[in-house]
1. Which percent of Cα pairs goes in each bin when the distances of the protein assembly as shown are cut into 10 angstrom slices starting at zero?
2. What do the square roots of 5 times the Cα gyration tensor eigenvalues come to for the stretch A:1-140, in whole Å, largest first, as semi-axes of the equivalent ellipsoid?
3. By how many degrees, 0 to 90 and rounded to 10, does the Cα axis of helix B:54-76 deviate from the longest principal axis of chain B?
4. For residue A:128 paired with residue B:20, estimate the spin-label separation in nm (one decimal), with each label point 7 Å from Cα along the Cα-to-Cβ line.
5. If you count, for every residue in B:116-128, the Cβ atoms of partner chains within 10 Å of its Cβ, what is the mean?
6. Using only C-alpha atoms and all pairs of different ones, pull out the Kirkwood radius for chain A in Å with one decimal.
7. Net charge within 11 Å of residue A:157 by Cβ-Cβ distance, Lys/Arg positive one each and Asp/Glu negative one each, not counting residue A:157 itself?
8. Quick one: grab Rg to one decimal and Dmax as a whole number for chain B, Cα atoms only, in Å.
Amino acid sequence: MSAPAKIALKGLAKRFGQKVVLDGVDLEVAEGESLVVIGGSGTGKSVLLKCIIGLLRPEAGEVRIDGQETRRMSAAERKAQMAKFGMLFQGAALFDSLPVWENVAFGLLRAQRMKKRAAREIAIEKLSRVGLDAAVAELYPAELSGGMKKRVGLARAIAAEPEIIFFDEPTTGLDPIMSDVINNLIVECVRDLGATTITITHDMVSARKIAHNIAMLHDGRIIWHGPKEAIDRSGNPYVDQFIHGRAEGPIKMAVRAG
Amino acid sequence: MQFLAIVGRVTLAAFAALGRLAIFAGKALGHLARPPIDVQNIVQQMLSIGYFSLPVVGLTALFTGAALAQQIYVGSSRFNAESTVAAVVVIAIVRELGPVLGGLMVAGRVSSAMAAEIGTMRVTEQIDALVTLSTDPFKYLVVPRLIAGVVTLPMLVIVANIIGVFGGFLVATQTLGFNPGNYLQTTMDYLEATDVASSLVKAAVFGFIIALMGSYHGYHSSGGAQGVGRATTDAVVSAFILILFANLVITIVVFRS
Ligand SMILES: Nc1ncnc2c1ncn2[C@@H]1O[C@H](COP(=O)(O)OP(=O)(O)OP(=O)(O)O)[C@@H](O)[C@H]1O
Ligand SMILES: [Mg+2]
């Protein structure tokens, strides 16, 4: 028997009140794999990541990390597991009471109790990897542009070099050149650090660059999952419509005629 | 039938909210007992609760003490006014007005600010981000505020008491013609250890309430700017009511005689 998948989801279901968001998601991500999840706006991609990492509690189904079922974990096990994760939030979610470098070094300073000077050095190094110079380190999040916030959030997610990293729309709001810098960074995280990553993106260029595999979420389920090379001949009309960005097709966007 | 359904629904909602608050408080107290304690964060909170509340609390106490002396003088001028004014001012300020008015002023300033800050962190996913960085939001956000509240309010109330008595002293000696030495002597004669102790106990309890309401409503806020706005209002209103209620309970318990 081969090693258990790094992340394995079975029948994952999540709803908010009456609204069903996830309706039985099955998904496996191998160690060192880079998975890109695509899907229409509001289909539950962010919710999916939050269920895996444990920020949201699914109503049904199981989440296994390294073969361990997360719902039956004790508080201590849960804490140990959280240390494996890093996450870039869609809205960056920077701590606005702290300067940029303390944001990036937050996990190092708090969870790992690293000395300030060492943590600061790492923070500045991570900032440089997302294309931000040391002068930015002293600014507060309110003083940054949207794209800069996103990059600081990215630096924070990778600062502790976690085993599993989630990127929720890492390149949205960035110019094409900076997008490519970020794509390269994600590729490096996987290649050099051996991280397992799940990236959500609407940007097919970036998906093709960073993914090993691509999964498409629609109507609460994974409707297609395969290597990125296969996506152009998926034979799935939903996938075709999405990757070519066509308004006409089986996916009906909930647009109300004004 | 319609009416009963509404009553039932409201009652259920009230109990649910109470249960949620109890769980929240229990969780916070649980963390209080378990180190590590975040000293840097506590000091910062103490500054923002205590130091920056000094002007508003001091002014409140000064004006209240002064008005009190004037009223009591008018009301009791037919009796031995000299001792009554000083005695009533010190007792009223230390037992009730110092802690209650101080608590209410700080609640207005601090509960709302806490609810706004934590609420914003909730709706912008900063609290989720804390969790992903292996930092317990209770330890990082709630516990330092609770400790700072419990420690700081008694200090503030001591200041409020002194300034309140001083306000009465000013009016009595400057406009009502009291002898300063006699006034202070009477004040000291009527001030009892129980009064001071109850004043401090009340202050500590109010500090807990203020920080708890601010944190709780902020932590459970949802739905963007509007939700944060609602959380700040709820925090202040509930802190006011709980402070007044707790004051009544403590007064009854301590001064049953
Ligand atoms: N905390 C919440 N409470 C209620 N509903 C929620 C909550 N979070 C998400 N939802 C709902 O869940 C659905 C999926 O949201 P989610 O944020 O996962 O979408 P998404 O796929 O990430 O979309 P996008 O690409 O626009 O970021 C949405 O319809 C949203 O309204
Ligand atoms: Mg999303």
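1. For the protein assembly as shown, the pair-distance distribution reads 4, 16, 22, 20, 15, 10, 7, 4, 2, 0, 0.
2. Largest first, the stretch A:1-140 gives 32, 19, 15 Å.
3. Compared with the principal axis, the helix lies near 40 degrees.
4. 4.8
5. For this peptide, the per-residue mean of nearby foreign Cβ atoms is 4.
6. With all distinct Cα pairs of chain A included, I get 19.1 Å.
7. Spelling it out: positives minus negatives among the neighbours equals +2.
8. Rg, Dmax (Cα atoms, Å): 21.3, 70.
The values are calculated or read from the model by the stated rules, or taken from the named source; none is laboratory data. Predicted, not measured: the structure shown is a model, and the values here were computed from it. No Cβ is skipped: glycine too gets one built from the backbone with ideal geometry, and neighbour counts run over all protein chains shown. With ligands, DNA and RNA removed, areas are computed over all heavy atoms of the protein, side chains included. Shrake-Rupley method; radii C 1.70, N 1.55, O 1.52, S 1.80 Å.
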